[in-house]
Amino acid sequence: MSDKGNLSSRRKFLKSSAGVGAGLSAAMVSGTALAQASANEFLQVDPWTKVQGSTFINPPYGLPSKYEKNVVRVLPSPAPTFLTGSRTPLQNLHGIITPNGLFFERHHAGVPDINPDQHRLVIHGMVDRPLMLTMEDIVRFPSESRIYFLECSGNSAAELKKATGKTAQEIHGLLSCCEWTGVRLSTIFQECGVQPGATWALAEGADGAAMTRSIPMSKMMDDALLVYAQNGEMLRAEQGYPLRLLLPGFEGNMSIKWLRRLKLGSEPWQTREETSAYTDLQADGKALQFTFAMDVKSVITQPSGMMKLKSKGFYEVSGIAWSGNGKIKRVEVSTDGGKSWADAILQEPVMDKSLVRFRYPWVWNGEPTVFMSRAIDSSGDTQPSMEALLKAKSSNSFYHNNAIQPWRVAANGEITNGR
């Protein structure tokens, strides 16, 4: 969003905030009165202030507070016999960065144990100089760090048929965002020389499934990264240690983990993952291949499913928005079931193919309602309703559910999935 656009949005936000001032002030007055009533107790020295604190660097790799022990990834419920993924607790996170220990997982044959000293990346096919690179070779190339989201193409898939999940994590948790560090593929390809006519690349992982996907060279030469670090530390084993491919904005399965081979050719390889899986079944029964980019989407995370509004008054509605087709241009929020919409404020930074945090001031009057968000990206695409999405795709669809997520508020403040 431009500075002018941001200024305009901020003015609208402040104006709307003024409208909720009475509710906010009431809450603040109530809090002050409480503080005055218990002032004597409040000024007493707390027990933890009277004793020496615990030792530190214990354990050497730091952990969250014990009071945050429930903020963890979860498995599907009921858990399948063969586990394939875990989900990020979106409703418990702040800002746009996902901590490494909470990053969602999606596996096809578990997590391999790879010694980085023995790992190799081979680049061959339609190149002038085939290469076999060690990890030491790769980290010597010029590097860069970028913030991008990563989303499984099957995120929110079950909701296409009916309401299934209860929380933002259960419904949309195959989504995370972090700072990735690595080498641009275009730099590596300069080293090996790409032959004319090489329009596709095959990426292969070193896991037990030998996960493989065909990728257009236009994407590989644009913004694809060979990633070895995440949020300032080396990749976690479950995120592809020691080396993975990252294709910003594309289906998560295409960012091949434990990357061991890149082969350049003139056409896609038609692998299992692009014939029997990761295709979109259309209304006529035919499968649509190679739907790479994740569509514009948003979800309100605070408040959201399984939370409870404790009383009438002011609440800051907050959530995240993203698009594989560019930047988030605008997010709108409705607190009356879609009858009216108003702009939310976008929290800087607003970056290409990254999560964006949005906020919206709201005074709940205590009556049942439905609230929701919809995002618009820089390509002009608008997040659709579930009805519009199913009409445009088909009821056979499984992947790429970017429909609006409604949350239903009951009179007692309890929030449930409004699908």
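Residue by residue, the range 89-98 carries 3J(HN,Hα) couplings of x, 4, 6, 9, 9, 10, x, 10, 8, 8 Hz when phi is fed to the Karplus relation 6.51 cos²θ - 1.76 cosθ + 1.60 (θ = phi - 60°); x denotes Gly or Pro. Just checking the listed ones, GLN118, GLN44, GLN239: in the Gaussian network model of the chain with Cα springs under 10 Å, the one fluctuating most is GLN44. The charge dipole of the range 230-338, taken about its Cα centre with unit charges on the Cβ of Lys, Arg, Asp and Glu (plus for the first two, minus for the last two), comes to roughly 360 debye. Between MET132 and TYR61, what's the calculated FRET efficiency when r is the beta-carbon distance and R0 is 45 Å? Round to 0.05. Step by step, r from the Cβ atoms, then E = 0.85.
Using the Cβ of LEU355 as centre and a radius below 11 Å, the other residues enclosed give a net charge of +2, where K and R count +1 and D and E count -1. As a fraction of the 1.4 Å probe accessible area of the chain, surface on carbon and sulfur atoms comes out at 54 percent. Using a Gaussian network model of the chain in which every pair of alpha carbons under 10 angstrom is joined by a spring, one finds that among ASP113, ASP284, ASP207 the greatest mean-square fluctuation is at ASP284.
Sorting ARG260, ARG359 on solvent-accessible area from highest to lowest, probe radius 1.4 Å, gives ARG260, ARG359.
The SER145 and ASP284 beta-carbon pair, evaluated with R₀ = 41 Å, returns a calculated FRET efficiency of approximately 0.35.
Computed extension gain for MET234 through THR84, at 0.36 nm per residue and net of the alpha carbon distance, reaches 51.7 nm.
Quarter the surface of the alpha carbon convex hull of the chain and you get the mean projected area, 24.7 square nanometres.
Cα centroid separation, the range 171-186 to the range 378-419: 24 Å. Counting only Cβ charges, +1 for Lys and Arg and -1 for Asp and Glu, the dipole size of the chain around its Cα centre is about 860 debye.
The range 282-305 and the range 351-369 have Cα centres separated by 20 Å.
Each 5 Å bin from zero up to the one holding the largest Cα-Cα distance in the range 99-234 carries the following percent of pairs: 2, 8, 14, 18, 20, 17, 10, 6, 3, 2, 0.
Over the range 274-419, calculate the relative contact order: mean separation of alpha carbon pairs under 8 Å at least 6 apart, over the residue count, as a percent.
Values: 351 pairs, mean separation 43.1, N = 146.
RCO, the range 274-419: 30 percent.
Using θ = phi - 60° in the Karplus curve 6.51 cos²θ - 1.76 cosθ + 1.60, the 3J(HN,Hα) couplings for the range 297-314 round to 7, 8, 8, 7, 10, 9, x, 7, x, 6, 8, 9, 6, 7, 6, 5, x, 7 Hz; x is entered for Gly and Pro.
One decimal place: the segment MET351-SER54 gains 102.9 nm when fully extended, by the rule 0.36 nm per residue minus the C-alpha distance.
Normalising by the residue count of the chain, find the relative contact order in percent from Cα pairs under 8 Å and 6+ residues apart. Taking the mean separation of contacting Cα pairs over the length of the chain, I get 16 percent.
Looking at the square roots a ≥ b ≥ c of the eigenvalues of the Cα gyration tensor of the range 201-243, which shape do they give, rounded for a/c under 1.5, prolate if a/b is larger than b/c, or oblate? In terms of gyration-tensor shape, oblate. Derived scalar couplings between HN and Hα for the range 74-85 equal 10, 8, x, 10, x, 5, x, 4, 9, 5, 10, x Hz in order, rounded to whole Hz, by the Karplus curve 6.51 cos²θ - 1.76 cosθ + 1.60 (θ = phi - 60°), x for Gly and Pro. Volume of the convex hull of the range 109-184 (Cα atoms only), normalised per residue: 174 Å³. Hydrophobic, long helices, defined as DSSP H runs whose alpha-carbon span along the helix axis is 18 Å or greater and whose mean Kyte-Doolittle value is at least 0.0, occur in the chain at 21-37.
The values are calculated or read from the model by the stated rules, or taken from the named source; none is laboratory data. What you see is a predicted model, and the numbers here were worked out from it, not measured in a lab. All Cβ positions, glycine included, derive from the backbone under ideal geometry; neighbour counts span all protein chains shown. Just the protein is used for accessible areas: all its heavy atoms, side chains included, with ligands, DNA and RNA removed. Shrake-Rupley method; radii C 1.70, N 1.55, O 1.52, S 1.80 Å.
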